[in-house]
2 protein chains.
Amino acid sequence: MSDADVSMTAAKRPGRVTIVDVARHAGVSKSTVSLVLTGSPLVAEETRNRVSRAMSDLGYIYHRGAAVLRGAQSSIIGMVINDLSNPFFHELAIGIERACQSGSYVTFIANTGENSARQTQVIRSMREHGAAGLVICPALGSSAAELNALTEGVPVVLAMRRLPGLRASIVAPENRLGARKATAHLIGLGHRRVAFIGGMPMVVRDERLSGYADALGEAGLPFDPALVADVLPTRAGGASAVPGLLGLADPPTAALCFNDVVAIGVIRALTALGRTAGRDFAVIGFDDIEDARHMVPALTSVAVEGQSLGERAAHLLMRQIASGTILAETQLGPADLVIRASCGTSAA
Amino acid sequence: MSDADVSMTAAKRPGRVTIVDVARHAGVSKSTVSLVLTGSPLVAEETRNRVSRAMSDLGYIYHRGAAVLRGAQSSIIGMVINDLSNPFFHELAIGIERACQSGSYVTFIANTGENSARQTQVIRSMREHGAAGLVICPALGSSAAELNALTEGVPVVLAMRRLPGLRASIVAPENRLGARKATAHLIGLGHRRVAFIGGMPMVVRDERLSGYADALGEAGLPFDPALVADVLPTRAGGASAVPGLLGLADPPTAALCFNDVVAIGVIRALTALGRTAGRDFAVIGFDDIEDARHMVPALTSVAVEGQSLGERAAHLLMRQIASGTILAETQLGPADLVIRASCGTSAA
DNA sequence: TTGTAGGCGTTATCAA
DNA sequence: TTGATAACGCCTACAA
């Protein structure tokens with residue numbers, strides 16, 4: 001009880017207004033203010049109005065941290081995204097956010113940039129801030145064991161990318177089926193040499209590659225490793241694969257790309273080499289980002305509905321938070337081929 | 001791998017590990033644990049190790065909310081973005097996030113979708129969660145008075161969009177100058193009828209329109225309201241303006257677009273009408289989003305460096321948070337014309 | 001170098 | 001219907 005403290009208090013910051021201040025101003029106890037805040041029906045109409053007026057008079061702001069400390073449910077949902085510069089993940093994030101808003105949760109977002117060390121940091125940080133649940137698109141090289149430890153006690157939904165061994169729910173598209181349909185379409189157009197471009201070693205890529213192989217097998221075509229280009233799933237990665245593929249002794253006439261961003265890079269590289277996608281070379285992407293339909297030529301792609309995938313992930317998570325259970329449930333979304341100009345109408 | 005639901009036993013509700021648990025496990029007092037947490041040099045090496053081991057043994061997670069309640073600095077920075085589906089704002093957000101990370105702040109993001117009621121909600125929510133500062137791209141129709149009340153006591157930096165009357169710092173590009181340079185370039189190519197497409201009534205749009213008018217005036221050309229299309233700053237908005245403009249008695253041969261997204265819509269509409277941007281009609285965008293350089297034709301645009309703008313906004317904010325002051329400082333960033341194919345090399 | 005005693009803003013429990 | 005009081009997990013004194 002020092003005098004110094006008292007004078008400091010008097011000169012305190014733009015004094016944070018607390019329920020005690022509100023209570024004094026309204027002439028009630030702080031318990032009553034709390035009852036008003038939590039919307040209790042026990043408080044008299046007259047009193048409620050007086051308290052509400054006091055709150056706006058004083059510019060009171062609810063201190064959620066204190067409430068959570070006392071035991072209230074946290075309303076924070078954390079989103080951990082591997083690559084926000086890919087428009088697809090951005091669409092996914094919008095969907096998650098929309099659903100969270102309608103459930104009156106607040107989203108926390110972090111971009112890991114495929115860096116698993118950074119991912120560890122941000123997940124820890126979100127937990128320190130009391131996140132009630134997490135939607136994670138794991139960065140490349142994530143360790144399931146580490147993530148399990150890090151997310152102990154909170155529900156987690158993986159979006160798009162599975163991570164074998166992780167105790168979490170999963171929302172993802174039918175990658176294998178989608179890739180099979182796309183490849184079959186190219187084969188149906190008369191292509192016999194179809195490349196698969198892009199993607200790093202991880203489940204999504206393996207699934208899409210399997211679908212590609214499925215379609216080749218069904219058509220009696222050989223799986224030629226020379227036609228599979230392991231490049232970064234970026235525009236630059238896609239572009240970098242093209243010269244090598246076209247320089248093969250028996251070059252491909254079509255390609256299924258790991259995602260739309262890669263496809264955009266491929267189309268750009270083709271253009272630079274004087275070829276036209278959809279006429280000289282068929283290109284199909286994956287994800288069907290919004291840009292796909294606005295490109296020239298418009299990009300044929302496998303639509304996975306990023307926004308609604310995000311919404312479903314968020315709903316699945318919110319359900320677990322509300323029920324206090326942690327599930328390991330898998331929801332598969334559609335992957336439908338949307339045919340546009342970039343794959344042409346028949347083999348060149 | 002079945003997708004059947006596997007529910008794990010949930011909710012060991014009363015099981016939060018606190019510093020008291022850590023202290024007991026390590027055989028020290030909770031103050032000592034606190035000292036270790038805050039990195040105090042006062043604690044013995046041996047003790048520190050024992051405590052650290054106890055923390056990882058028990059899976060302890062720091063409770064930042066409790067620390068903030070006690071008086072620690074909040075490490076949350078809120079980003080309030082008007083339209084995350086525009087790649088430009090996404091680049092801005094990445095820049096903000098990167099800077100915040102390097103300052104060991106955590107970002108909170110919310111997309112208002114140009115809805116000012118929603119903006120009020122999310123700002124209130126961020127404050128309830130103890131945000132130390134806010135970066136805001138105000139939604140259309142924001143009220144300065146309301147925002148002033150809502151952000152009382154925390155530093156705010158407006159990014160891109162000013163809001164007259166708001167007590168806040170501002171980081172924005174030289175819109176007027178950039179628009180003037182772009183328009184002058186079109187005029188220099190021989191165009192005499194230059195349209196301005198897109199944008200809603202707000203400061204950014206007024207600035208860019210003023211720059212456009214400046215350049216017309218300098219060249220002795222008239223400002224013709226018929227050439228100014230007030231459409232939504234979206235792809236669809238841009239596309240919708242084209243037929244009307246081309247149908248004028250004395251149609252434009254070039255257009256400066258409010259932003260790149262609008263320009264993309266314009267180019268698409270031109271293509272649909274059998275015209276080619278850069279050959280039959282010159283198009284310049286604004287912002288220079290990453291996609292601009294990958295389009296066909298590549299989009300001439302006014303580069304405003306979204307990521308570095310975001311970084312500067314974040315730095316300005318963090319400086320204010322650290323110093324405990326609230327400034328109203330304006331920082332103007334560059335707006336440089338990047339010439340690519342979409343504006344052609346001479347008037348058609 | 002470590003331990004003890006509050007108190008931050010809120011809510012839950014009990015009384016009144 | 002409202003009020004007093006005790007936590008929640010952490011940090012800042014101050015004492016040992």
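The values are calculated or read from the model by the stated rules, or taken from the named source; none is laboratory data. Predicted model only: the values in this text are computed from it and were never measured. So basically every Cβ, Gly included, is an ideal-geometry build from the backbone, and we count neighbours across all protein chains shown.
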**OP:** State the number of residues belonging to the stretch B:292-316 that are crowded, with 21+ Cβ neighbours inside 10 Å, under 16 Å from B:ARG340 (Cα atoms) and within 13 Å of chain A (Cβ to nearest Cβ).
**Re:** 3
Original post:
So which of B:ILE94, B:ILE61, B:ILE109, B:ILE81 is away from DNA strand C (no atom under 16 Å from the Cβ), more than 8 Å from chain A (Cβ to nearest Cβ), closer than 27 Å to A:SER75 by Cβ and touching a residue at least 12 places away in the same chain (Cβ under 8 Å)?
Top reply: B:ILE81
Original post:
Limited to the stretch B:24-61, what total is found for residues that are more than 8 Å from DNA strand D (Cβ to nearest atom), more than 22 Å from A:GLY71 (Cα to Cα) and in a helix (DSSP H, G or I)?
Top reply: 18
Original post:
Considering the stretch A:303-322 alone, what residues qualify as being of a type in the set (S, T, N, Q) and farther than 18 Å from A:SER74 by Cβ?
Top reply: A:GLN307, A:SER308
**OP:** With the condition kept exactly as written, say whether any residue in the stretch B:251-265 is surrounded by fewer than 22 Cβ atoms within 10 Å (Cβ to Cβ), in contact with a strand residue (DSSP E or B) (Cβ under 6 Å, 6 or more places away or on another chain) and within 14 Å of chain A (Cβ to nearest Cβ).
**Re:** no
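Take A:VAL28 and tell me if it is more than 14 Å from every other protein chain (Cβ to nearest Cβ) and either more than 8 Å from DNA strand C (Cβ to nearest atom) or exposed (fewer than 12 other Cβ atoms within 10 Å of the Cβ) (or both).
Working: more than 14 Å from every other protein chain (Cβ to nearest Cβ): yes; either more than 8 Å from DNA strand C (Cβ to nearest atom) or exposed (fewer than 12 other Cβ atoms within 10 Å of the Cβ) (or both): yes.
Against the criterion (more than 14 Å from every other protein chain (Cβ to nearest Cβ) and either more than 8 Å from DNA strand C (Cβ to nearest atom) or exposed (fewer than 12 other Cβ atoms within 10 Å of the Cβ) (or both)), A:VAL28 qualifies.
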**OP:** Restricting attention to the stretch B:280-299, report how many residues are farther than 18 Å from A:MET295 by Cβ and of a type outside the set (Asp, Glu).
**Re:** 4
Original post:
If you check B:ARG64, B:ARG16, which single one turns out to be in contact with a His (Cβ under 6 Å, 6 or more places away or on another chain) and either under 30 Å from A:ARG319 (Cβ atoms) or modelled with pLDDT of 90 or more (or both)?
Top reply: B:ARG64
Original post:
Any idea which of A:ALA236, A:ALA215 is modelled with pLDDT under 95, assigned by TED's automatic domain parsing to the domain that holds A:MET200 and assigned to a helix (DSSP H, G or I)?
Top reply: A:ALA236
Original post:
Within the set of pairs 6+ apart or on separate chains, which have a first residue in the stretch A:331-343 that is within 15 Å of A:ARG312 (Cα to Cα), a second that is hydroxyl-bearing (Ser, Thr, Tyr), and C-beta atoms under 8 Å apart?
Top reply: A:GLN331/A:SER169; A:GLY333/A:SER308
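Here is a check on your reading of the model: is B:VAL106 buried (at least 17 other Cβ atoms within 10 Å of the Cβ), within 16 Å of DNA strand D (Cβ to nearest atom) and assigned by TED's automatic domain parsing to the domain that holds B:HIS315? Explain how you work it out, then say what you get.
On the way: buried (at least 17 other Cβ atoms within 10 Å of the Cβ): yes; within 16 Å of DNA strand D (Cβ to nearest atom): yes; assigned by TED's automatic domain parsing to the domain that holds B:HIS315: yes.
The answer is yes for B:VAL106.
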Subject >> Residues satisfying the stated conditions in the stretch A:67-78, i.e. at the interface with chain B (Cβ under 10 Å from one of its Cβ atoms) and either crowded, with 20+ Cβ neighbours inside 10 Å or under 26 Å from A:HIS315 (Cβ atoms) (or both) >> reply: A:ALA67, A:VAL68, A:GLY71, A:SER74, A:SER75, A:ILE76, A:GLY78
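Output the residues belonging to the stretch A:317-348 that are β-branched (Val, Ile, Thr) and facing chain B (nearest Cβ under 8 Å). Full working, then the answer.
So the first thing to find is which residues in the stretch A:317-348 are β-branched (Val, Ile, Thr), and the list is A:321, A:325-326, A:330, A:338-339, A:345.
Correct list: A:THR325, A:ILE326, A:THR330.
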**OP:** Please work out if B:GLY95 is part of a strand (DSSP E or B), away from DNA strand D (no atom under 11 Å from the Cβ) and touching a Ser or Thr at 6+ places or on another chain (Cβ under 8 Å).
**Re:** no
Original post:
Based on what the data block shows, is B:ALA10 more than 8 Å from DNA strand C (Cβ to nearest atom), at pLDDT below 85 and at negative phi?
Top reply: yes
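State whether the residues of the stretch A:271-279 include one that is within 26 Å of A:ALA172 (Cα to Cα), crowded, with 17+ Cβ neighbours inside 10 Å and within 14 Å of another protein chain (Cβ to nearest Cβ).
Filtering the stretch A:271-279 down to residues within 26 Å of A:ALA172 (Cα to Cα) leaves none.
No: zero hits.
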**OP:** Return only the number of the condition from (1) free of Cβ contacts under 8 Å to residues at least 24 places away in the same chain; (2) within 16 Å of DNA strand C (Cβ to nearest atom) that A:GLN101 does not satisfy.
**Re:** (2)
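Results for (1) free of Cβ contacts under 8 Å to residues at least 60 places away in the same chain; (2) buried (at least 18 other Cβ atoms within 10 Å of the Cβ), shown as yes or no for each residue.
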{"site": "B:LEU147", "(1), (2)": "yes, yes"}
{"site": "B:GLU174", "(1), (2)": "no, yes"}
{"site": "B:ALA182", "(1), (2)": "no, yes"}
{"site": "B:ARG193", "(1), (2)": "no, yes"}
{"site": "B:PHE196", "(1), (2)": "no, yes"}
{"site": "B:ALA215", "(1), (2)": "yes, yes"}
{"site": "B:PRO225", "(1), (2)": "yes, no"}
{"site": "B:ASP230", "(1), (2)": "yes, no"}
{"site": "B:GLY244", "(1), (2)": "yes, no"}
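Here is a list: A:VAL135, A:VAL122, A:VAL43. Which entry is more than 10 Å from every other protein chain (Cβ to nearest Cβ), away from DNA strand C (no atom under 16 Å from the Cβ) and either touching a strand residue (DSSP E or B) at 6+ places or on another chain (Cβ under 9 Å) or not aromatic (Phe, Trp, Tyr) (or both)?
Working: A:VAL122 fails: more than 10 Å from every other protein chain (Cβ to nearest Cβ); A:VAL43 fails: away from DNA strand C (no atom under 16 Å from the Cβ).
One residue alone meets the criteria, A:VAL135.
Within the stretch B:277-300, can one find any residue that is within 18 Å of B:PRO155 (Cβ to Cβ), over 15 Å from the mean Cα position of the chain (by Cα) and of a type outside the set (Lys, Arg)? Talk me through it step by step, then tell me what you get.
Start the filter on the stretch B:277-300 by keeping residues that are within 18 Å of B:PRO155 (Cβ to Cβ), which leaves none.
No: the stretch B:277-300 contains no residue that is within 18 Å of B:PRO155 (Cβ to Cβ), over 15 Å from the mean Cα position of the chain (by Cα) and of a type outside the set (Lys, Arg).
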Subject >> Selection count, the stretch B:64-88, where residues are assigned to a helix (DSSP H, G or I) and within 11 Å of the chain's Cα centre (by Cα) >> reply: 2
Original post:
Is it the case that some residue within the stretch B:105-126 is under 13 Å from the mean Cα position of the chain (by Cα) and modelled with pLDDT of 95 or more?
Top reply: no
**OP:** State yes or no: is A:LEU248 in contact with a helix residue (DSSP H, G or I) (Cβ under 7 Å, 6 or more places away or on another chain), over 17 Å from A:PRO297 (Cβ atoms), assigned by TED's automatic domain parsing to the domain that holds A:ALA313 and not in a helix (DSSP H, G or I)?
**Re:** no
